[in-house]
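Worksheet: the structure to be examined is printed underneath.
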Amino acid sequence: AYNVTAKLMYGSAFRAPSMSELYAINNPVVNGNADLKPERIRTLEAALSWQPMSRLQLGVNVFHYEMSDIIRLVNFGYQNTGGQSGRGMEFEAEWELSKTLRLSGNYAYQHSVDTETDQDSGNAPHHHVYARADWRFTPGWSLHSQLNWLSKRMRVAGDPRPDLAGYETVDLTLRTERSGNTWNFTLSVRNLFDTDVREPTPFEVAPNGQVYLPYDFPMPGRSVYAQASYKF
């Protein structure tokens, strides 16, 4: 059918060790390893795109991947150890309700397992939702809003810290869209409700048994951005 596209994709890739992973000697607690091999990954993905009407676009895909020779910090030195496999799916939609309003979004699910421990690989959400609305509410002006939601993230095997909580953030952007030689302005508010957003820190233990960075990486709170541009 002219409004349906199907794809089947296979890929392989590698990540070469960094200079510090290979040759670090001046760090008192981390040593490089010149014998490291590249990390490797193989992926298989099937995707389907369907346009049931001119203003509606739908898509779904499923995927599976396998990683090997993962570079990890083991006993204060880098080693190729273990592997990881995962599977998941994604669904996305884009709908132009009118010439002035467009809705779009996607949902993703993934589950990854450490092949060495047969446990969740950790540090990644199983569920992720993104939604966006773009509205030209009057000629020359538009309002853009987006919601980003992540489920909780489990820790890697052996990490004694509790699971990292999920979060949701809302962003708003007001923009002028005037053509010709004139000024245009943009005003954005990121993380509108000042949500406490944190991303996981690596699980690394100091000689005294404490986790090096126990409280995870804090992301920016509410932030305001303004931009002005002039065409001439």
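Spacing of the modelled spin labels on Ala6 and Asn106, each 7 Å from Cα toward Cβ, amounts to 2.2 nm.
Put simply, the convex hull of the Cα atoms in the range 1-132 casts, on average, a shadow of 11.2 nm². The 1.4 Å probe gives accessible areas that order Tyr230, Tyr167, largest first, as Tyr230, Tyr167.
Computed from the Cβ-Cβ distance with R0 of 30 Å, the FRET efficiency linking Tyr212 to Val129 stands at 0.40. Set against the 2.2 N^0.38 Å expectation for a compact globular protein, the range 132-192 has a Cα radius of gyration ratio of 1.79. The orientation-averaged projected area of the convex hull spanned by the Cα atoms of the range 113-232 comes to 10.8 nm². Shown for the range 106-160 is the translational diffusion coefficient from the Stokes-Einstein equation, using the Kirkwood radius over Cα pairs, a temperature of 4 °C and a viscosity of 1.567 mPa s: 94 µm²/s. When Leu36, Leu101 are compared by accessible surface with a 1.4 Å probe, the order from highest to lowest is Leu101, Leu36. Computed from phi, the 3J(HN,Hα) profile of the range 45-53 under the Karplus parametrisation 6.51, -1.76, 1.60 (θ = phi - 60°) reads 9, 10, 10, 9, 10, 9, 10, x, 8 Hz, with x in place of Gly and Pro. A straight Cα-to-Cα reach below 12 Å connects Lys99 with the aspartates and glutamates Asp134, residues fewer than 8 places away in its own chain not being considered. Just to be sure I understand the curve: with the Debye formula and one point per C-alpha of the chain, what is log10 I(q)/I(0) at q = 0.08, 0.09, 0.12 Å⁻¹? After summing over all Cα pairs, the log10 values are -0.47, -0.59, -0.95. Per-residue ellipticity at 222 nm computed for the chain from its helices equals -500 deg cm²/dmol, with DSSP H segments shorter than 4 residues left out and the rest contributing -39,500 (n - 2.57).
Take the Cα pairs of the range 17-94, get the Kirkwood Rh, then feed it into Stokes-Einstein at 10 °C and 1.306 mPa s and tell me D in µm²/s. So the translational diffusion coefficient is about 103 µm²/s. Over the range 93-180, Cα pairs under 8 Å with separation of 6+ residues give a relative contact order of 24 percent.
The values are calculated or read from the model by the stated rules, or taken from the named source; none is laboratory data. Since this is a predicted model, take the numbers as computed values, not measurements. Heads up, the Cβs are rebuilt from the backbone with ideal geometry, glycines too, and the neighbour counts pull from every protein chain shown. Just so you know, the surface numbers come from the protein's heavy atoms only, side chains and all, with ligands and any DNA or RNA stripped out. Shrake-Rupley method; radii C 1.70, N 1.55, O 1.52, S 1.80 Å.
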